[in-house]
Amino acid sequence: MTAEATTEKARIGAPSIAGFTEEGEQLVPSKVDRHHSHGVQVMASRAERLTSHDVADFALPTGREEEWRFTPVRELANLLSDAPSDGDVLNVAVEAPEAFVQRTLRAGEAPRGATLVPADRAAVVASANADEALFIQVPANAELDEPVRVVLTGKGAGRRSNSHVVVEALENSRAVVILEHDGSADHNGNVEVFVREGAQLTVVSVQLWEDDGKHLAQHDAEVAKDAVYKHIAVTLGGKIVRLNSNVRFAGEGAEAELLGLYFADAGQHLEHRSFVDHNVANCTSNVLYKGALQGKGAHTVWVGDVLIQKQAEGTDSYEKNQNLVLTDGCRADSVPNLEIETGLIEGAGHASATGRFDDEHLFYLMARGIPEDVARRLVVRGFLNEIIQKIKVPALEERLTEAVERELAAGDN
Amino acid sequence: MSTLEIKDLHVSIETEQGTKEILKGVSLTIRTGETHAIMGPNGSGKSTLASTIAGHPRYTVTSGSITLDGEDVLEMSVDERARAGVFLAMQYPVEVPGVTMTNFLRTAKTAIDGQAPALRTWTKDVKSAMEQLRINADFAQRNVNEGFSGGEKKRVEILQLELFKPKFAVLDETDSGLDVDALKVVSEGVNRAHAQGNMGTLLITHYTRILRYIKPDFVHVFVDGQVVEEGGPELADRLEEEGYDRYVKGAGSAVAAPAAAQA
């Protein structure tokens, strides 16, 4: 039978909601019992999470910390150490108009470091050990027909790679930047994004690592007044991938959309975390991550934080995670966290649903004449297509659709 | 003219208490143009018969045969049976995540016919069939059965029956959970499909009320995995008055279906 657990919290509208004062729910200090932590950090406000450029501020995680509790940290020792890259471990190929690629940025060279302040051990050692950051700057008013494409190819499993990429879309520009990860490495990669006033920028991060690739990442964006930012994480390959996609605002009327698609096979750990910090009034955000799982030990994690700060009146936000479990032996963790410090908002909602594609679904489709392999493809393709079609780069959409089909075919063996 | 022939069918399922025989020798022959009603109390094995014909993996055929124009249906996989012309309108249609009705209907039609339907006529056919069954147009863009009410799911089953044009339709308690209006709409759909003249129908029901709208040629009373009485439409009338009590007592079954109270 279908084992579908669906929780959908009502969207929170105007202030006249029971339990909400005009100041909001005051979740932050009052709801947290700090005396009963049992060694595990209690889920405090996201606003209180430590961020720092200083490696010394972050101890090595044990796996008991709130932000690491789902992650197999024991397999990440190489990635979490304060160590330089192993020589030429990463090949970076950039396809972009020449004028877009600026000199590399060293630590402290503006705008590097202005938006991305590391929020965990992985991110801090990545940036500290990435001497030079690739800097892509989309000129003001530029409108690009072709996407900027950066292909990062790992040249050896277990070899340490640190990188920091800065993308800046100047005023009123429109562009799509695709970061493609393939090959294999222990890759620690940060991405820092500035979407300046009135600009529209889409960043697509595609993880097509080999089976032994590991990848930790923090992608931070700051979205200025009336700007539109879309971040799409597509994770199909790699043994362990953990990608944090964070956004905050620098002016009113800005929009952010954080999207994700992942497909975990046997033995893969694919973790996505998103954080929307509504620190400015009258901004909009939408978060949607969709994942499929198949095979023994396939593990996915989604943790979605949304913080609507006291001053962020007029916020409209929504976040949702949906998972489709295709076989036994998989695990999908899904944690939406919504903190609201003001009741004067347009809307705020979150939802999480994990459904199974099981024998009854299969029987239903087959009883309509549809062969088994077609039935599986139909379901998974339909489910994941909602994200793929938002990329709006036909060539990439096609490649990803094919990659998803390959994942499915691999599961049939 | 096609024939679906069920001969001395024995079917069992695996339960926590071990193997349990549900069907204990069922024989039934349905020909194109005929409507057979199978009636019986809860637990008598009616739905088992329906699911077994469609090939649900839960049911194991221990002996007997099912043939369609001489072809061994039991040798066919579930999808092969559907492509051979067997359609099961399910009692509990499942919600299929990620697949829109439009996509599902076209994919199934293509599989059954062996070629994609001509787009223009197909779209028109779907639209008009939906209208006749009073299915909201926006259902086409929704995922299969997702969030549909019980009655809506049943209408969607009959929509498929009309579009896929099977040789034999097995309707597994299609009437359960329908109010009178919905029952009428659904019955009209079945009658339209039947009126095309190329379909035989096996109508499984607990109640007689659907037989006011769909006229059976034959009525078979099912108790404890066997057909205990057969007759024409008049048998249904008698069941309406008397219920299943005398059969249940006669079969010595522990199934205490208070049919009279439910009729």
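The values are calculated or read from the model by the stated rules, or taken from the named source; none is laboratory data. In this text the structure is predicted, and so the values were computed from the model without any measurement. With ideal geometry, Cβ positions are generated from the backbone for all residues, glycine too; neighbour counts draw on all protein chains shown. The protein model used for the area step is the full one, side chains on, heavy atoms only, and it has no ligands, DNA or RNA in it. Shrake-Rupley method; radii C 1.70, N 1.55, O 1.52, S 1.80 Å.
Look at the stretch A:83-110 and say how many of its residues are surrounded by 17 or more Cβ atoms within 10 Å (Cβ to Cβ) and part of a loop (DSSP other than H, G, I, E, B).
4
Any chance the stretch A:344-356 includes a residue that's within 14 Å of another protein chain (Cβ to nearest Cβ), out of contact with any helix residue (DSSP H, G or I) (no Cβ under 7 Å at 6 or more places or on another chain) and modelled with pLDDT under 90?
yes
For the condition out of contact with any strand residue (DSSP E or B) (no Cβ under 7 Å at 6 or more places or on another chain) and under 16 Å from A:VAL241 (Cβ atoms), what is the one hit in A:ALA298, A:ALA292, A:ALA332, A:ALA266?
None of the other options fit; the residue is A:ALA266.
Could you list, in sequence order, the residues of the stretch A:269-295 that are out of contact with any Ser or Thr (no Cβ under 8 Å at 6 or more places or on another chain) and more than 30 Å from A:ALA114 (Cα to Cα)?
Once the filter is applied, which keeps residues that are out of contact with any Ser or Thr (no Cβ under 8 Å at 6 or more places or on another chain) and more than 30 Å from A:ALA114 (Cα to Cα), the stretch A:269-295 yields A:LYS290, A:ALA292.
Kindly check whether there is at least one residue in the stretch B:83-100 that is part of a strand (DSSP E or B), at pLDDT below 95, more than 30 Å from B:VAL248 (Cβ to Cβ) and within 14 Å of chain A (Cβ to nearest Cβ).
yes
Is the stretch A:335-343 home to any residue that is within 19 Å of A:LYS390 (Cβ to Cβ), in a strand (DSSP E or B) and of a type outside the set (Asp, Glu)?
Checked against the condition, which is being within 19 Å of A:LYS390 (Cβ to Cβ), in a strand (DSSP E or B) and of a type outside the set (Asp, Glu), the stretch A:335-343 yields no hits at all.
Could you count how many residues in the stretch B:108-151 are open to solvent by less than 70 Å² (accessible area, probe 1.4 Å), within 12 Å of chain A (Cβ to nearest Cβ) and in a helix (DSSP H, G or I)?
Of the residues in that region, 5 qualify.
Starting from residues that are acidic (Asp, Glu) and more than 8 Å from chain B (Cβ to nearest Cβ), keep the ones in the stretch A:357-381 and report whichever is least open to solvent (accessible area, probe 1.4 Å).
A:ASP358
Of all residues being touching a strand residue (DSSP E or B) at 6+ places or on another chain (Cβ under 7 Å) and among the acidic types (Asp, Glu) in the stretch A:301-324, which is farthest from A:ASN246 (Cα to Cα)? Just the residue, please.
Per the criteria, the residue is A:ASP316.
Give the stretch B:49-82 a look and list any residue that's among the charged types (D, E, K, R) and at the interface with chain A (Cβ under 7 Å from one of its Cβ atoms), or say none.
B:ASP79
I need the full set of residues from the stretch B:188-210 which are over 12 Å from B:LEU161 (Cα atoms), open to solvent by less than 40 Å² (accessible area, probe 1.4 Å) and assigned to a helix (DSSP H, G or I), in order please.
B:ILE210
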